[in-house]
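A.B. asks: Pasting a structure below so you can have a look.
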Amino acid sequence: MLDRAIVAELREAVGERYYKEDQESLVTHSYDGTPMLQSLPDGVIYPGNTAEVSAVMTILNKHRIPLVSRGSGTNLCGGTVPVQGGVVMVMHRMNDILEVDLQNLTATVQPGIITKRFIEHIEGLGLFYPPDPSSMSISTIGGNIAECSGGLRGLKYGTTKDYVLGLECVLASGEIIRTGGKLMKDVAGYDLTKLLIGSEGTLAIVTEATLKLIPPPKHKKTMLAMFTDLYGAARTVSRIIENRIIPATLEFMDNPTIRVVDDYAKLGLPLNMAAILLIEQDGDFETVERDIELISEICHAEKADQISIASNQEEALKLLTARRSAFTALARLRPTTILEDATVPRSKIADMVLEINRIAQKYNVQICTFGHAGDGNLHPTATTDARDHEEIHRVEEAFAEIFEAAIQLGGTITGEHGVGLVKAPFLEWKVGSAGIAIMKNIKQAFDPLNLLNPGKMFAKETRRRVVLNRG
Amino acid sequence: MAKSTAEALRQTLKIKLDYDQLTNCMRCGFCLPACPTFKETGLEAESPRGRIALMKATVDGVMEPNDQFEDQMNHCLGCRACEPACPADVKYGQLIEQARDAIEAHTVRHRGWVKVVRKLVFKQLFPHQNRMGLLGKGLRIYQKTGLQTAVRKTGAVGLFSKQLADLERTLPKVSGKGVIQQLGTRIPAKGEKLATVGMFRGCLMDSMFTETNNKTVRLLSEAGFEVIIPESQNCCGALHAHSGETHDAKQLAKSNIRAFQEAGVDYIISNAGGCGAILIEYDHLLHDEPDWREQSEWFAKRVKDISTILVEKGRLPQPSQPQSNDRVRVTYQDSCHLRNVMKGGNSPRKLLAALPDVELVEMKDAGSCCGSAGIYNVTQPEMANQILEHKMENANATKAHYIVTSNPGCLMQMKLGIDKHADNDRVQAVHIVDFLFDRMVKS
Ligand SMILES: Cc1cc2nc3c(=O)[nH]c(=O)nc-3n(C[C@H](O)[C@H](O)[C@H](O)COP(=O)(O)OP(=O)(O)OC[C@H]3O[C@@H](n4cnc5c(N)ncnc54)[C@H](O)[C@@H]3O)c2cc1C
Ligand code: SF4
Ligand code: SF4
């Protein structure tokens with residue numbers, strides 16, 4: 001619990017109702033979407049505008065109290081678990097769309113707006129905001145920016161970082177900065193906008209964002225291709241790209257996932273397939289038709305066993321459901337679902353899936369893999385039970401080895417979920433010790449007292465590398 | 001709350017709460033946008049994920065099950081909109097009942113008048129069909145003798161709590177006779193018989209909405225079903241189960257199972273989403289009584305809502321051709337329990353859309369709770385009113401002439417909503433059975 005005098009200052013800053021420290025509030029801000037983590041904060045605060053955020057930060061800075069900014073707590077890296085106590089700042093009240101500029105095709109929003117609500121509003125105006133994390137029905141734009149979230153459309157349209165033009169942020173000192181703006185070109189100094197995207201609440205609190213909008217595609221087509229040979233599926237992914245076709249969506253499910261999905265959703269998927277690709281193209285009518293035809297040819301050439309092209313929206317939706325139910329289905333298998341986020345260059349997908357399967361077998365754990373094949377972002381997902389400590393230990397060991405394998409294949413430890421608490425011990429594997437040092441210096445420059453989301457991103461100790469024995 | 005009481009409650013929670021379900025929640029937050037109390041307040045604690053976290057924290061010893069914890073468990077509408085939204089298939093409805101059951105075993109602290117109302121309703125009234133009948137008769141006298149008008153005019157309703165007074169205004173005309181007294185216990189099918197169905201008459205339905213019960217029977221018979229109304233059936237026990245009085249709920253369930261088994265019916269038909277949902281879960285309610293397993297499964301398997309059986313199995317009477325080209329605009333307000341638990345939200349829509357003179361207009365968030373939720377609008381008036389106000393904004397936007405519902409609680413709540421917030425004098429709330437009957441059978 002915080003000192004009474006400090007609490008009085010905080011209440012003064014945001015209003016009596018908007019600072020809470022009852023048990024109920026503390027418990028319900030002690031976790032996020034990451035399994036098995038919990039730590040209670042000292043208080044929860046709900047600011048209503050930038051000035052209040054600044055005032056709160058000034059108070060906390062004066063008393064050296066840590067702050068965790070929080071959207072909807074859907075992140076999967078322990079990003080909003082207040083491991084060092086302090087105050088959790090919930091951004092939900094700051095949820096306005098401040099402006100949609102139809103001349104510049106930009107939108108300026110507050111960080112607490114729910115992603116889906118924003119997307120629906122924009123689509124209602126006949127425009128398009130592509131980043132679509134699967135959690136968008138509840139995640140916030142602020143959280144998306146802080147994690148640099150991606151989604152099914154990432155391959156063709158990019159991720160959150162490609163759509164943020166400018167930010168307003170509150171620094172640890174309480175000062176307010178603005179970066180970028182409604183500008184398509186801007187090279188005045190370091191690009192702080194890009195630096196802040198994906199900074200996981202460790203550098204500043206985002207209080208406003210200006211986002212880029214684009215015209216929506218006119219036409220869409222969806223298909224499923226099924227392969228008994230994993231390499232056939234993987235080669236298809238590479239060949240599509242080689243042929244200079246960038247599908248809007250290019251998703252992958254491995255055999256264990258297919259089985260689980262089919263068992264759950266009763267879609268009648270063939271169970272002997274090694275992999276299924278879900279492909280969607282959008283754009284002008286002619287381009288879409290031509291691309292889908294070319295993609296089908298490639299699939300045939302790579303010995304796809306079955307190809308089905310949706311003839312209408314309803315069928316397309318059914319195909320998309322197959323991919324979307326992957327997570328749902330897996331979540332129902334065992335009590336604890338650990339969804340990870342290893343990413344490799346897209347030419348290495350088959351190798352990575354085989355590695356994951358080998359490692360799962362080695363540690364005797366169940367890991368199903370699905371993900372965004374088009375951008376190499378795989379989600380090996382362990383289904384386990386948090387109460388079985390011995391099994392959880394094996395799962396952790398398996399994941400360490402999976403990250404190692406990803407890096408050996410030229411990949412990374414996380415493609416879209418962030419480092420947070422969970423991946424912190426592995427960050428050095430990816431960026432090296434000099435990389436860590438420079439990142440720490442940046443953190444120091446923004447937040448000298450280490451008040452913003454402490455304990456995240458940088459671990460006390462790097463995990464020792466697993467020695468791969470391929471005997 | 002004293003330390004020792006809190007500790008005792010924790011122990012009970014530990015026993016009653018299904019820890020598997022608590023761990024199944026992976027805290028993904030997908031249920032948040034579905035939850036009306038979260039929508040109204042934006043507070044994590046007022047969300048399913050939050051409430052599950054609170055339950056788990058009390059069991060894990062992370063927090064004390066204090067007054068605030070109890071209040072939060074009571075804030076939940078029990079609408080179960082969170083369940084279909086949940087990827088992990090967490091049985092939230094069971095968890096909240098278990099939590100309330102534990103709280104009920106310990107609480108010394110219902111607010112005075114809530115306590116009186118609960119005792120009256122749960123113990124003295126609902127379990128006794130004859131008393132419900134008397135209540136109906138009493139109401140009839142109250143309405144017939146002009147007492148109602150007098151009470152309304154003189155503002156004597158102000159003597160009731162404000163919330164009860166609001167409800168008083170939504171009471172339907174009561175006949176004082178139940179469905180059996182009017183139609184008997186066995187009503188033959190019209191034409192070739194498709195199946196024999198047992199009608200669950202309900203307490204509120206039978207004492208206050210007897211006309212709807214009569215029409216339910218006649219619709220079923222028109223559609224080809226022989227209808228049996230077992231006389232020894234009683235209250236479904238939903239209110240008891242949802243408020244933690246599990247023991248009483250079980251007793252009621254057993255006696256209903258007996259009644260319908262003796263009647264030997266193919267289906268058990270409910271015309272109230274709230275009753276139907278508990279009936280269809282009798283197997284769960286009695287899951288820890290192995291002796292009752294077979295019977296409760298027999299029962300649960302047969303339960304269907306009136307709309308569902310009409311769509312799935314019935315021989316629907318041809319609706320009369322409209323007299324003119326004027327189509328009436330109708331919007332459908334989901335019964336949470338019919339939609340989220342019985343999974344029967346499509347059938348009423350199909351039936352309505354098939355009527356030639358009806359234009360079905362979906363209201364925004366039709367599937368979201370109206371705030372009635374059993375006696376929630378009596379025990380949690382503030383939240384219930386807030387929810388109702390938003391519901392009526394959406395209903396008004398459809399410019400519908402009828403708001404059709406599938407549950408007496410929702411029906412009364414929508415009537416109240418119209419009374420307070422409708423911006424169109426012509427709009428009425430009706431039960432789907434009454435609406436269908438007038439268009440399919442009567443003419
Ligand atoms: C079922 C499920 C599916 C998912 N699918 C995807 C997916 O497809 N793609 C993807 O990329 N991710 C996905 N995620 C992960 C997660 O949803 C995203 O990371 C999301 O962007 C988090 O948003 P949030 O509002 O919940 O943020 P939170 O989880 O509350 O916070 C995330 C991080 O952002 C910081 N933060 C929040 N708001 C601010 C702010 N205003 N200023 C500064 N920092 C802030 C927090 O401190 C924290 O570090 C998924 C998660 C789940 C549970
Ligand atoms: S949707 Fe289900 S698993 Fe997710 S937080 Fe809600 S209850 Fe838990
Ligand atoms: S039952 Fe309804 S009110 Fe209760 S948590 Fe679920 S969605 Fe919310």
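A.B. asks: Could you give every pair whose Cβ atoms fall below 6 Å, whose first residue belongs to the range B:24-45 and is of a type in the set (Asp, Glu), and whose second residue is within 11 Å of ligand 2 (Cβ to nearest atom), counting only separations of at least 6 or pairs across chains?
C.D. replies: If the second residue must be within 11 Å of ligand 2 (Cβ to nearest atom), the pairs left are B:44/B:50.
A.B. asks: Can you confirm whether residue A:383 is closer than 26 Å to residue A:354 by Cβ and touching a Leu at 6+ places or on another chain (Cβ under 7 Å)? Break it down into steps so the answer makes sense when it comes.
C.D. replies: Details: closer than 26 Å to residue A:354 by Cβ: yes; touching a Leu at 6+ places or on another chain (Cβ under 7 Å): yes.
Against the criterion (closer than 26 Å to residue A:354 by Cβ and touching a Leu at 6+ places or on another chain (Cβ under 7 Å)), residue A:383 qualifies.
A.B. asks: Can you name the condition, by its number, that residue A:136 falls short on among (1) under 18 Å from residue A:70 (Cα atoms); (2) part of a strand (DSSP E or B)?
C.D. replies: (2) is the only condition that residue A:136 fails.
A.B. asks: Oh, and also: Across the range B:330-367, what is the total count of residues that are among the small types (Gly, Ala, Ser) and surrounded by 23 or more Cβ atoms within 10 Å (Cβ to Cβ)?
C.D. replies: Selection size over the range B:330-367: 2.
A.B. asks: Ok, one more. Out of (1) at pLDDT 90 or above; (2) within 14 Å of another protein chain (Cβ to nearest Cβ), what's the single condition that is false for residue B:87?
C.D. replies: Evaluating residue B:87 over (1) at pLDDT 90 or above; (2) within 14 Å of another protein chain (Cβ to nearest Cβ) leaves (1) as the failure.
A.B. asks: Further, regarding this structure: Quick check on residue A:309: is it out of contact with any Asp or Glu (no Cβ under 8 Å at 6 or more places or on another chain), more than 14 Å from chain B (Cβ to nearest Cβ) and β-branched (Val, Ile, Thr)?
C.D. replies: Working: out of contact with any Asp or Glu (no Cβ under 8 Å at 6 or more places or on another chain): yes; more than 14 Å from chain B (Cβ to nearest Cβ): yes; β-branched (Val, Ile, Thr): yes.
Here the answer is yes, as residue A:309 does meet what is asked.
A.B. asks: Would you mind stating whether residue A:126 is surrounded by fewer than 20 Cβ atoms within 10 Å (Cβ to Cβ) and part of a loop (DSSP other than H, G, I, E, B)? Reasoning before the result, please.
C.D. replies: Details: surrounded by fewer than 20 Cβ atoms within 10 Å (Cβ to Cβ): yes; part of a loop (DSSP other than H, G, I, E, B): yes.
Judged against the criteria, residue A:126 is a match.
Per-residue answers, yes or no, for (1) among the small types (Gly, Ala, Ser); (2) in contact (Cβ under 8 Å) with a residue 12 or more places away in the chain; (3) in contact with a Lys or Arg (Cβ under 9 Å, 6 or more places away or on another chain):
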site	(1), (2), (3)
A:376	yes, yes, yes
A:386	yes, yes, no
A:420	yes, yes, yes
A:425	no, yes, yes
A:431	no, no, no
A:440	no, yes, no
A:447	no, yes, no
A:461	no, yes, no
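A.B. asks: Do any residues in the range B:280-293 that are aromatic (Phe, Trp, Tyr) have Cβ atoms under 6 Å from those of residues that are part of a helix (DSSP H, G or I), where the two are at least six apart or on different chains, and which pairs are they?
C.D. replies: The qualifying pairs are B:282/B:253; B:282/B:296; B:282/B:299; B:282/B:300.
A.B. asks: Residues that are closer than 19 Å to residue A:134 by Cβ, in contact with a Leu (Cβ under 7 Å, 6 or more places away or on another chain) and within 9 Å of chain A (Cβ to nearest Cβ), at least 1 per element: which helices (runs of 4 or more DSSP H) completely within the range B:19-65 meet that? Quick ask: steps written out before the conclusion?
C.D. replies: Working: elements: B:19-24, B:36-41, B:48-60.
The helices (runs of 4 or more DSSP H) meeting that bar are B:48-60.
A.B. asks: Every residue in the range B:390-443 that is without any contact (Cβ under 8 Å) to a residue 24 or more places away in the chain and farther than 22 Å from residue B:217 by Cβ, please.
C.D. replies: So in the range B:390-443, the residues without any contact (Cβ under 8 Å) to a residue 24 or more places away in the chain come out as B:425, B:438, B:442.
Of everything in the range B:390-443, just one residue is without any contact (Cβ under 8 Å) to a residue 24 or more places away in the chain and farther than 22 Å from residue B:217 by Cβ, namely B:425.
A.B. asks: In this structure, does residue B:17 turn out to be within 13 Å of ligand 2 (Cβ to nearest atom) and of a type outside the set (Gly, Ala, Ser)? Lay out the reasoning, then the answer.
C.D. replies: Working: within 13 Å of ligand 2 (Cβ to nearest atom): no; of a type outside the set (Gly, Ala, Ser): yes.
In short, no.
A.B. asks: Right, here's the next one. Can you tell which of B:39, B:16 is surrounded by fewer than 24 Cβ atoms within 10 Å (Cβ to Cβ), more than 14 Å from ligand 1 (Cβ to nearest atom) and closer than 21 Å to residue B:249 by Cβ?
C.D. replies: Going through B:39, B:16 in turn, the sole match is B:16.
A.B. asks: Something else now. Considering only the range B:184-211, state which residues are in a helix (DSSP H, G or I) and aliphatic (A, V, I, L, M). Walk me through how you get there before you give the answer.
C.D. replies: Step one: of the range B:184-211, the residues in a helix (DSSP H, G or I) are B:203-208, B:210-211.
Scanning the range B:184-211 gives B:204, B:205, B:208.
A.B. asks: Quick check on my filter: what residues within the range A:185-219 are surrounded by fewer than 17 Cβ atoms within 10 Å (Cβ to Cβ), in contact (Cβ under 8 Å) with a residue 24 or more places away in the chain and over 29 Å from residue A:454 (Cβ atoms)?
C.D. replies: Step one: of the range A:185-219, the residues surrounded by fewer than 17 Cβ atoms within 10 Å (Cβ to Cβ) are A:185-191, A:194-195, A:214-216, A:218-219.
Still in the running and in contact (Cβ under 8 Å) with a residue 24 or more places away in the chain: A:194-195, A:214-216, A:218-219.
Within the range A:185-219, A:214, A:215, A:216, A:218, A:219 qualify.
A.B. asks: Out of curiosity, is residue A:316 small (Gly, Ala, Ser) and more than 9 Å from every other protein chain (Cβ to nearest Cβ)? Spell out how you get there, then give the answer.
C.D. replies: On the way: small (Gly, Ala, Ser): yes; more than 9 Å from every other protein chain (Cβ to nearest Cβ): yes.
Spelling it out, residue A:316 is indeed small (Gly, Ala, Ser) and more than 9 Å from every other protein chain (Cβ to nearest Cβ).
The values are calculated or read from the model by the stated rules, or taken from the named source; none is laboratory data. Note that the structure is predicted; figures quoted are calculated from it, not measured. Don't worry about glycine lacking a Cβ; one is built from the backbone with ideal geometry, like all the others, and counts go over all protein chains shown.
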